[in-house]
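Written below as structure tokens is the structure these notes are about.
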Amino acid sequence: MLKIEGLNVYYGTIHALHDISFEVNEGEIVTLIGANGAGKTTTLHTISGLIQPKSGSVSFMGKPVTGVPANKIVEMGLCQVPEGRRIFANLTVQENLEMGAYTRKDKANLKNDYEVVFTRFPRLKERIRQIAGTLSGGEQQMLAMGRALMSRPKLLLLDEPSMGLAPLFVKEIFSIIMDINRAGTTVLLVEQNANMALSIANRAYVLETGSIVLSGNAKELAASEDVRKAYLGG
Amino acid sequence: MKKNRFFNAITLTVTSASLYILLALLIFTGIIDEYNGQLLTLAGIYVIVSLSLNLITGFTGQLALGHAGFMAVGAYSTAIIIMRLNVPMIPAVFAGGLITAIFGLLIGIPTLRLRGDYLAITTLGFGEIIRVIMVNLEGLTGGAAGLKGVPPFSDSGDFILDAVIKFSWVYGFVIFTLVVVSNLIKSSPGRAIISIREDEIASNSMGINVPYYKMFSFTMSAFLAGIGGGLYAIYFGYLNPQMFGFLNSVNFVVIVVLGGMGSITGTILAGIGFTYIQEWLRIFKDFRLVIFGLALISVMLFWPKGLMGTNEISVVKLVRKYFFKNKNSDNSSSGSPASGESQSEGVR
């Protein structure tokens with residue numbers, strides 16, 4: 001579904017991604033794990049068109065994505081939940097969700113989608129008129145995910161959904177990610193919390209200073225000695 | 001829903017019309033004397049330019065420091081179109097606005113890629129460039145000596161009648177600007193614009209074409225500032241590049257910040273207040289700038305979000321509250337918290 005080949009990205013003269021290639025198949029949860037500065041967010045930003053690569057290609061459902069403006073990529077069915085949630089803090093919960101549906105042409109079906117989001121995140125329904133900036137961190141993450149779902153993505157890119165959340169919320173968020181996946185949305189998950197990410201993913205890629213150093217079945221990686229030492233605390 | 005919209009339109013029309021009739025009558029009967037009538041008219045022009053600045057700075061979140069430059073482009077092009085081509089006033093003002101919009105577009109393409117401070121600095125530079133060009137294009141603009149003899153709104157010889165007509169034209173354009181800005185903000189592009197202010201990256205990942213909407217808002221802002229400039233030219237009848245210096249750009253920023261970035265009614269109140277305070281402080285000569293500075297500092301300390309923050313005073317809600325007490329059907333999602341003051345959205 002998503003295919004990345006030989007991606008090289010530079011920030012000025014800094015070579016941030018070295019020849020990265022990987023793919024995500026339809027229906028999977030794939031996770032990219034790695035330490036700070038490994039290039040996880042850069043990879044996601046390149047996929048969603050916020051950064052242009054120097055060389056290499058990204059294609060989504062057989063169509064090239066590199067060079068396509070970010071807003072068109074969303075229309076193709078690829079939506080990113082940015083790192084640090086980035087909800088519209090001064091707008092209400094409802095307005096945030098409306099913004100999520102901005103690219104939708106079929107406004108008639110929106111009502112149904114609100115229901116889908118509200119059944120997945122009942123808390124958002126309770127707080128529909130609340131200013132989003134006053135929500136708790138976990139609720140904001142739910143809002144960011146709900147907002148992304150409003151665009152009816154085929155592939156959802158999640159950037160560090162567990163960042164800064166209480167452990168209880170992290171569990172909840174991850175079980176919601178599994179629900180979303182079961183309902184038919186493919187997920188590419190970027191995480192520092194490697195333990196959690198590997199526990200729900202089908203496959204995983206391990207990034208280290210801009211290169212993919214390991215890849216494979218998530219369960220096997222979680223059990224592998226190297227990964228345990230480097231990312232899972234022994 | 002449709003009924004609500006109709007009701008809103010009627011309420012706003014009636015309010016702005018009756019306010020107009022009231023003020024025009026007061027000027028006509030001399031209860032508002034000629035001096036105050038003139039001031040009110042000038043305030044209207046300031047409100048138009050400030051609203052245009054609020055669109056790009058308050059609603060889109062891009063700090064622009066060159067609006068006096070846009071105003072200058074509008075003023076000079078309107079004046080020249082009227083004087084050289086003998087075009088009637090209204091098309092000339094709109095043409096001035098369009099020319100300014102083209103300038104906005106040309107400047108926006110390279111500069112809107114910049115963010116925050118950088119955009120502020122480049123727009124500031126633009127304002128100065130325009131001023132210097134106006135000084136040096138002597139054949140067209142009269143250079144530093146100024147451009148004399150822009151025909152006034154009316155030339156009846158009757159001071160009071162002239163004052164009323166002047167006021168009426170400007171009032172009409174204020175309403176036009178208000179309608180444009182408030183409808184724009186409530187529309188789908190308006191949502192995109194506000195989301196850019198809130199968070200550019202998030203807007204981008206929601207599929208909003210950020211560069212396009214920034215350009216759109218900037219060009220629209222230039223257009224309205226140009227219209228304000230055109231009215232300014234006709235109002236004074238004389239143009240001089242010194243009228244469009246950096247301090248003037250700052251004044252508009254002050255009005256927008258005082259009124260509340262992202263509040264239309266706030267800008268209106270602050271624009272009128274600012275015009276009057278500027279007049280009252282004239283007795284202090286240049287010390288008024290010191291007083292202004294102090295006032296600005298204290299406002300920032302005590303009301304960091306300006307007079308209104310991002311809130312609006314809604315006439316429609318007030319009318320509903322006091323005249324249609326049983327009609328509580330308005331639960332529109334975009335409703336901002338109503339504040340209890342009895343001012344109207346349709347003030348000049």
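The values are calculated or read from the model by the stated rules, or taken from the named source; none is laboratory data. On a predicted model such as this, the values are computed, not experimentally measured, just so you know. Glycine also receives a Cβ, built like all others from the backbone with ideal geometry; neighbour counts cover every protein chain displayed.
Where helices (runs of 4 or more DSSP H) fall entirely within region B:97-203, those with at least 1 residues that are at pLDDT 90 or above and in contact with a Ser or Thr (Cβ under 9 Å, 6 or more places away or on another chain) are at B:116-136, B:159-186, B:188-198.
Residues in region A:26-55 that are over 25 Å from residue A:198 (Cα atoms) and of a type outside the set (Gly, Ala, Ser) were compared, and the one that is nearest to the other protein chains (Cβ to nearest Cβ) is A:50. Of all residues in region A:56-79, at least one satisfies being in contact (Cβ under 8 Å) with a residue 40 or more places away in the chain, β-branched (Val, Ile, Thr), crowded, with 22+ Cβ neighbours inside 10 Å and more than 22 Å from residue A:183 (Cβ to Cβ).
Hey, could you check region B:172-205 for residues that are hydroxyl-bearing (Ser, Thr, Tyr) and within 11 Å of chain A (Cβ to nearest Cβ) and say which is farthest from residue B:265 (Cα to Cα)? Reasoning before the result, please.
Here is the first cut: in region B:172-205, the ones hydroxyl-bearing (Ser, Thr, Tyr) are B:177, B:182, B:187-188, B:195, B:203, B:205.
Restricting the remaining residues to those that are within 11 Å of chain A (Cβ to nearest Cβ) gives B:188, B:195, B:203, B:205.
Details: B:188: 21, B:195: 20, B:203: 26, B:205: 32 Å.
Taking the candidates together, the pick is B:205.
Taking region B:25-54 as the range and being hydrophobic (A, V, I, L, M, F, W, C), surrounded by fewer than 22 Cβ atoms within 10 Å (Cβ to Cβ) and farther than 23 Å from residue B:264 by Cα as the test, the residues that pass are B:25, B:26, B:28, B:31, B:32.
Would you mention how many residues in region A:56-110 are on the phi > 0 side of the Ramachandran plot and at the interface with chain B (Cβ under 7 Å from one of its Cβ atoms)? Selection size over region A:56-110: 1.
Restrict the check to region B:271-293 and report whether at least one residue is in contact (Cβ under 8 Å) with a residue 40 or more places away in the chain and among the basic types (Lys, Arg). Reasoning before the result, please.
Filtering region B:271-293 for residues in contact (Cβ under 8 Å) with a residue 40 or more places away in the chain gives B:271-272, B:274-276, B:279.
Of the ones still in play, those that are also among the basic types (Lys, Arg) are none.
No - not one qualifying residue is present in region B:271-293.
Residue B:16: surrounded by fewer than 23 Cβ atoms within 10 Å (Cβ to Cβ), in contact (Cβ under 8 Å) with a residue 24 or more places away in the chain, among the small types (Gly, Ala, Ser) and not in a loop (DSSP other than H, G, I, E, B), yes or no? So that I can check it myself, show each step before the final result.
Values: surrounded by fewer than 23 Cβ atoms within 10 Å (Cβ to Cβ): yes; in contact (Cβ under 8 Å) with a residue 24 or more places away in the chain: yes; among the small types (Gly, Ala, Ser): yes; not in a loop (DSSP other than H, G, I, E, B): yes.
Against the criterion (surrounded by fewer than 23 Cβ atoms within 10 Å (Cβ to Cβ), in contact (Cβ under 8 Å) with a residue 24 or more places away in the chain, among the small types (Gly, Ala, Ser) and not in a loop (DSSP other than H, G, I, E, B)), residue B:16 qualifies.
Within region B:294-306, one or more residues are modelled with pLDDT of 50 or more, in contact with a Gly (Cβ under 8 Å, 6 or more places away or on another chain) and in a helix (DSSP H, G or I).
Just the residues that are small (Gly, Ala, Ser) and in contact (Cβ under 8 Å) with a residue 60 or more places away in the chain, please, taken from region B:207-238.
First, the residues of region B:207-238 that are small (Gly, Ala, Ser): B:207, B:217, B:221-222, B:225-226, B:228-230, B:233, B:237.
Hits for region B:207-238 are B:217, B:221, B:222, B:225, B:226, B:228, B:229, B:230, B:233, B:237.
In the set (1) of a type in the set (Ser, Thr, Tyr); (2) touching a residue at least 40 places away in the same chain (Cβ under 8 Å); (3) farther than 23 Å from residue A:26 by Cβ, the condition left unmet by residue A:186 is number (3). For region A:150-167, the criterion of a residue being free of Cβ contacts under 8 Å to residues at least 12 places away in the same chain and either away from chain B (no Cβ under 12 Å) or farther than 17 Å from residue A:181 by Cα (or both) is satisfied by at least one position. Among the residues in region B:208-224, are any within 14 Å of chain A (Cβ to nearest Cβ), closer than 26 Å to residue A:81 by Cβ and hydrophobic (A, V, I, L, M, F, W, C)? Yes, region B:208-224 has at least one match. Among the residues of region A:159-195, those identified as surrounded by 13 or more Cβ atoms within 10 Å (Cβ to Cβ) and among the hydroxyl-bearing types (Ser, Thr, Tyr) are A:162, A:185, A:186. Counting only residues that are touching a Pro at 6+ places or on another chain (Cβ under 9 Å) and aromatic (Phe, Trp, Tyr), region A:22-79 holds 0 of them. Please work out if residue B:120 is free of Cβ contacts under 8 Å to residues at least 60 places away in the same chain, within 17 Å of residue B:222 (Cα to Cα) and of a type in the set (A, V, I, L, M, F, W, C). Against the criterion (free of Cβ contacts under 8 Å to residues at least 60 places away in the same chain, within 17 Å of residue B:222 (Cα to Cα) and of a type in the set (A, V, I, L, M, F, W, C)), residue B:120 qualifies.
Would you check if residue B:262 is outside any helix (DSSP H, G or I), under 13 Å from the mean Cα position of the chain (by Cα) and either within 14 Å of chain A (Cβ to nearest Cβ) or in contact (Cβ under 8 Å) with a residue 40 or more places away in the chain (or both)? Steps first, answer last, please.
On the way: outside any helix (DSSP H, G or I): yes; under 13 Å from the mean Cα position of the chain (by Cα): yes; either within 14 Å of chain A (Cβ to nearest Cβ) or in contact (Cβ under 8 Å) with a residue 40 or more places away in the chain (or both): yes.
Yes, satisfied.
Restricting region B:236-251 to residues that are assigned to a helix (DSSP H, G or I) and touching a Gly at 6+ places or on another chain (Cβ under 9 Å), the residue that is surrounded by the fewest Cβ atoms within 10 Å (Cβ to Cβ) is B:242. The condition (being at pLDDT below 90 and among the hydrophobic types (A, V, I, L, M, F, W, C)) is satisfied by just one residue among B:223, B:218, B:252, B:246: B:246.
Residue B:229 - would you say it is at pLDDT 95 or above, surrounded by 21 or more Cβ atoms within 10 Å (Cβ to Cβ) and not β-branched (Val, Ile, Thr)? Answer is yes for this residue. In this structure, does residue B:162 turn out to be loosely packed, with under 15 Cβ neighbours inside 10 Å, among the charged types (D, E, K, R), more than 14 Å from chain A (Cβ to nearest Cβ) and free of Cβ contacts under 8 Å to residues at least 24 places away in the same chain? Judged against the criteria, residue B:162 is not a match. Considering (1) hydrophobic (A, V, I, L, M, F, W, C); (2) surrounded by fewer than 22 Cβ atoms within 10 Å (Cβ to Cβ); (3) in contact (Cβ under 8 Å) with a residue 24 or more places away in the chain, the lone condition that residue A:108 does not fulfil carries the number (3).
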